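Accompanying notes for the structure given below.
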Amino acid sequence: MIALRTDNEIERMALAGRLTAECMQEIAPMIRPGVSTAELDRAAKRFIVDRGGRPSFLGYHGYPASLCASVNEEVVHGIPGPRRLREGDIVGIDLGVILDGYQGDMARTFAVGAVSDAARALIDAAHDSFEAALAVMIPGNRLGDIGHAVQTLAESRGYGVVRELCGHGIGHDMHEDPEVPNYGQAGRGLRLRPGMVLAVEPMINAGTWRVKFLDDGWTVVTGDGSLSAHWENTVAVTADGPRILTAADS
Ligand code: MF3
Ligand code: CO
């Protein structure tokens, strides 16, 4: 079942989304050579709890932390720990918040200090493919338009688009219907309607689109060890066009 949110519900989701984005803003300046991913996790948890929210990832199917920190060839779901970030790394930070019964979910990939041109270009492609998807999130378009937009942009730059993991509907639960693939055919699939709220999250690999699942039960890495970048926002489809709910100023 795909929920359609009322204007009032979307405003409440925007508050959850805003707290998510503010938390991302809070930890962004900490992302420097020498910081451990556990330190980022602790700071995020404190920020969220202090503002009356709950970290949605913590305890989700047993997940042990409040954010995911996925370094270099890690695609998503890297578990925070003692690992210290190093100059030249890239790190995907994925964060989720529950506030007033509603969820926000977002991810950004950051450069740690100075990174290679190749790493920077990959981060830009993840961001740009999100923006390409956002541009087609208007009522009457279809789910396939979103995936097609991501795939076309990323593949035109020679990157691989992860297929085993998708975006998703979001609301009271982090993962609701529908699944939102990052590949697909324009003009196909579910019709987008005002009130749909989707977490759109391109995962873009420098090499093959294939991934491997590590035996820690969580970490997903690229099949060939190449770099990966992730960019995610919670987006409402409205009659006036797409609205990013995970924005610090929404
Ligand atoms: N933000 C991720 C997603 O979009 C979820 C992280 S999985 C968790 O699907 F277990 F860490 F919560
Ligand atoms: Co998500």
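Distance between the pseudo-spin-label points of ARG83 and ALA3 (7 Å out from Cα toward the beta carbon): 3.3 nm. Helix screen, the chain: DSSP H segments with Cα axial length of 27 Å or more and mean Kyte-Doolittle hydropathy at least -0.5 are 7-27.
Placing a label point 7 Å from the Cα of ARG163 along the Cα-to-Cβ line, the residues of the range 174-198 whose backbone N sits under 16 Å from it are 180-186. Mean residue ellipticity, 222 nm, helices only, the chain: the sum of -39500 (n - 2.57) across DSSP H runs of n ≥ 4, divided by residue count and rounded to 500, is -9000 deg cm²/dmol. In the range 108-250, the convex hull through the Cα atoms has an average projected area of 9.3 nm², a quarter of its surface area.
Counting only heavy atoms of protein chains, what accessible area per residue, in Å², does the chain have with a probe of 1.4 Å?
Values: 10430 Å² over 250 residues.
I get 42 Å² per residue for the chain.
Could you please state how large a percent of the accessible area of the chain is carbon and sulfur, counting protein chains only and using a 1.4 Å probe? So the carbon and sulfur contribution to the accessible surface is 49 percent.
Pull out the extension gain between THR208 and ALA248, defined as 0.36 nm times the separation in residues minus the alpha carbon to alpha carbon distance; nm, one decimal.
11.0 nm
Evaluated at q = 0.19 Å⁻¹, the base-10 log of the normalised Debye intensity for the range 165-240, with identical point scatterers placed on the Cα atoms, takes the values -0.91. Placing dummy labels 7 Å off each Cα toward the beta-carbon, the span from ARG188 to GLN25 is 4.0 nm.
Comparing mean-square fluctuations of GLU164, GLU74, GLU232 from a GNM of the chain with C-alpha springs under 10 Å, the top value falls on GLU164. According to the square roots a ≥ b ≥ c of the eigenvalues of the Cα gyration tensor, what is the shape class of the chain, taking rounded for a/c under 1.5, prolate for a/b larger than b/c otherwise, and oblate for the remainder? Cα axes put the chain in the oblate bin.
The values are calculated or read from the model by the stated rules, or taken from the named source; none is laboratory data. Computed from a predicted structure; not experimentally measured. Glycine also receives a Cβ, built like all others from the backbone with ideal geometry; neighbour counts cover every protein chain displayed. Only protein heavy atoms, including side chains, enter the accessible area calculation; ligands, DNA and RNA are left aside. Shrake-Rupley method; radii C 1.70, N 1.55, O 1.52, S 1.80 Å.
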